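Everything on this sheet refers to the single structure shown next.
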Amino acid sequence: MDRKSPSGTCHLLGSSLISWNSKKQTCVALSTTEAEYIAAGHGCAQIIWLKHQLLDYGVRLSKVPLYCDNTSAINLTKNPIQHSKTKHIEIRHHFIRNHVQKGDCEIKIVKIENQLADLFTKPLARDRFNKLRTDLGILDIKNVV
């Protein structure tokens, strides 16, 4: 109704889910690329925060992988040239581009069917829901003995 895209992120340390986020974006995106780019920026901000927290424990990480299922959004993070088709994206959303260039995170493609964050943002068929839940390491409490 309000045309704001839902976005979600999930953060794994090794194979353990340590945080997740799901919310409507605060602005209306004019394209799927923009919506995915904004969501990737929020994921990047969380990665930066987690990296600083891990430094307190002596864990230093570089080039943390950030997975995105939109190749146009990925290309936008890697290409510092402002294209005419992306002029509408607010400057504050280009936060991710700086951190990709600095090597804080490395954005990678993930197949849509393997996008774990979909568990938090979309209504899913039972089979896909169960697969993503298993991939995240979340147990089905009915099957726990």
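None of the figures in this text is laboratory data; all of them are computed from the coordinates on show. Computed from a predicted model, the values in this text were never measured in an experiment. Positions of Cβ are backbone-derived with ideal geometry, glycine not excepted, and every protein chain shown enters the neighbour counts.
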Q: Return the sequence-ordered ³J(HN,Hα) values of the stretch 56-64 in whole Hz as given by the Karplus equation 6.51 cos²θ - 1.76 cosθ + 1.60 applied to θ = phi - 60°, using x for Gly and Pro.
A: 4, 9, x, 9, 10, 10, 9, 6, 5
Q. Ile107's amide H: which non-local residues (gap 5+, or another chain) put their own amide H closer than 5 Å, with H modeled 1.01 Å from N in plane and none for Pro or chain starts?
A. Leu66
Q: Pop the C-beta distance of Ser16 and Arg128 into the FRET formula with R0 = 25 Å and round what comes out to the nearest 0.05.
A: 0.70
Q) Pairs Lys51/Lys102; Lys24/Lys51; Lys63/Lys111: which exceed 23 Å Cα-Cα? A) Lys24/Lys51
